[in-house]
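The values are calculated or read from the model by the stated rules, or taken from the named source; none is laboratory data. As the structure is a prediction and not an experimental result, all values here were calculated from the model. No Cβ is skipped: glycine too gets one built from the backbone with ideal geometry, and neighbour counts run over all protein chains shown.
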């Protein structure tokens, strides 16, 4: 009823004050209904409804700017800026993105997708505003989980020197994806639960309100820095940095948040507004299982159960089982993740081997150097991070692990095209950025059994090694082909002539289909499972030049710096005069959408590859 009245930004200001809570209920119901069909980030969005409404009521968009850290909690923001119709195509190819996108709306001022970036971006916008002599409000909204990332503190340190207004809203729900860990979480929890402060404050305010003129006194107190707060809550970390701290406030009380934002806008300097919210609020399954509803597949609203439950294990499930077996056989094996125990399949490992499990928070750089220290100390660390997020630790991989040639295993989940989360989450660069580092070995399994074999090899390997595997159902074909994993050696699956398909990892399954299609047209065809992206099996590849007139490389990675580029260089150096086709992802960012649709769009699906081969022939 009220949601339909919002057709563009600032329309929320036309909703009667006494109907705002009704609007909040409508937004929650809308999100639950839409995300139950499309899938998406539910828990974080349900928890940020009132906070987002308070921001929109307090600001003038798009003149004022909101930077959403990560951006997975921006669905209400999209609704309040007139994008309600787009939710039917949320995260679908050609449809509305699940994260802020500048090309979607002028009210999305900064593209996000990774954690702990909003304060840095906001500070940049503040400096640009000041240098241009403009006068508008900049707000960075960051979750407490994102405060476990070091980049946030680099930005806070920088922001503390500001002499003009900059508002940082800390959306504190005690969660990132999984429950938060570490000293930051403990510190914020101390503020949340400082009953001696909160109870005393409320007691004083209540008594003042009951005496003549007390309301004005309360108003004055709320507008000034509370020395009471400084006395009762030790540390005052943000204040000590030179950042004005306001809060904590109930993030589901629209008027209370608006009052605090009004105070924050008057400050000449950086201000942190501490807002406490509940992840998944308003939907019981999401409240009870916030990690499961962080990013959810389509589900049944009445139960919260998946609409299309998986009947086969995905690669993360397989990896989870492998880790349990490795831990049982190798007491030196330890596991490290960056706030992704559930997402990387380490939950069982954590439960059974808690003393050998380390969740460092959203701090990929620290995770890698921490692993280097563990390796120097005689342990076998396995670092489990999504491909897209491991990019953030490139320097640490190079400088702290590979220069010392330390036996650290990188289990790289979500390698390749991941689909609906879009550009910021596609794992299509890891072969390229890891291949550039000396001492690094890179493997990719063709199926679930080879993932197990490669992890066993990696644990026994005396140097840095990466095992990359895709998102989605684990391929269970080619079970009969299980030659032992040997360093730098490919696996010959079918040996014929004329055309040789040399496929890496997830592309072996695609290559099977390509081979079948070519055989139907009468072309003999060999199939090679490359196994190693670095080092490539030069001996096997060069042997193919003797009785094949065409070699086709296939990988789920960008071309620049990829597997195919290495093969091309090798064949050029060898004087190969036959035809070479490199199948790879174009050197561009891949948008959001269904994985199969995306693969067709970028030309790495079976039909596109067969067509290219036939045209070349």
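Computed values, structure above
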quantity: Residue that is over 22 Å from residue 471 (Cβ atoms) and modelled with pLDDT of 95 or more, where the choices are 332, 364; calculated: 332
quantity: Residues that are over 30 Å from residue 166 (Cα atoms) and in contact with a helix residue (DSSP H, G or I) (Cβ under 9 Å, 6 or more places away or on another chain), drawn from region 34-59; calculated: 34, 35, 37, 38, 40
quantity: Region 500-514: number of residues that are touching a strand residue (DSSP E or B) at 6+ places or on another chain (Cβ under 9 Å), surrounded by fewer than 24 Cβ atoms within 10 Å (Cβ to Cβ) and either in the same structural domain as residue 447 (by TED's automatic domain parsing) or under 22 Å from residue 549 (Cβ atoms) (or both); calculated: 2
quantity: Hey, residue 395 modelled with pLDDT of 95 or more, surrounded by fewer than 20 Cβ atoms within 10 Å (Cβ to Cβ) and within 30 Å of residue 71 (Cα to Cα) or not; calculated: yes
quantity: Count - residues of region 464-478 that are in contact with a strand residue (DSSP E or B) (Cβ under 8 Å, 6 or more places away or on another chain) and either on the phi < 0 side of the Ramachandran plot or not in a loop (DSSP other than H, G, I, E, B) (or both); calculated: 10
quantity: Members of region 41-85 that are surrounded by fewer than 24 Cβ atoms within 10 Å (Cβ to Cβ) and on the phi > 0 side of the Ramachandran plot; calculated: 82
quantity: Single residue of 336, 300 found to be closer than 30 Å to residue 237 by Cα and not assigned by TED's automatic domain parsing to the domain that holds residue 148; calculated: 336
quantity: Among the candidates 452, 497, 420, 436, residue that is in contact with a strand residue (DSSP E or B) (Cβ under 8 Å, 6 or more places away or on another chain) and not assigned by TED's automatic domain parsing to the domain that holds residue 527; calculated: 420
quantity: Pairs with Cβ under 6 Å, 6+ apart, first in region 579-593 and not assigned by TED's automatic domain parsing to the domain that holds residue 100 and surrounded by fewer than 14 Cβ atoms within 10 Å (Cβ to Cβ), second assigned to a loop (DSSP other than H, G, I, E, B) and at pLDDT 95 or above; calculated: 587/559; 587/560
quantity: Hits in region 594-613 - residues which are under 16 Å from residue 428 (Cα atoms), surrounded by 22 or more Cβ atoms within 10 Å (Cβ to Cβ) and either free of Cβ contacts under 8 Å to residues at least 12 places away in the same chain or touching a strand residue (DSSP E or B) at 6+ places or on another chain (Cβ under 8 Å) (or both); calculated: 604
quantity: Residue tally, condition farther than 21 Å from residue 591 by Cβ and assigned to a strand (DSSP E or B), over region 68-91; calculated: 0
quantity: Residue within region 464-472 that is within 15 Å of residue 556 (Cα to Cα) and without any contact (Cβ under 8 Å) to a residue 60 or more places away in the chain present; calculated: yes
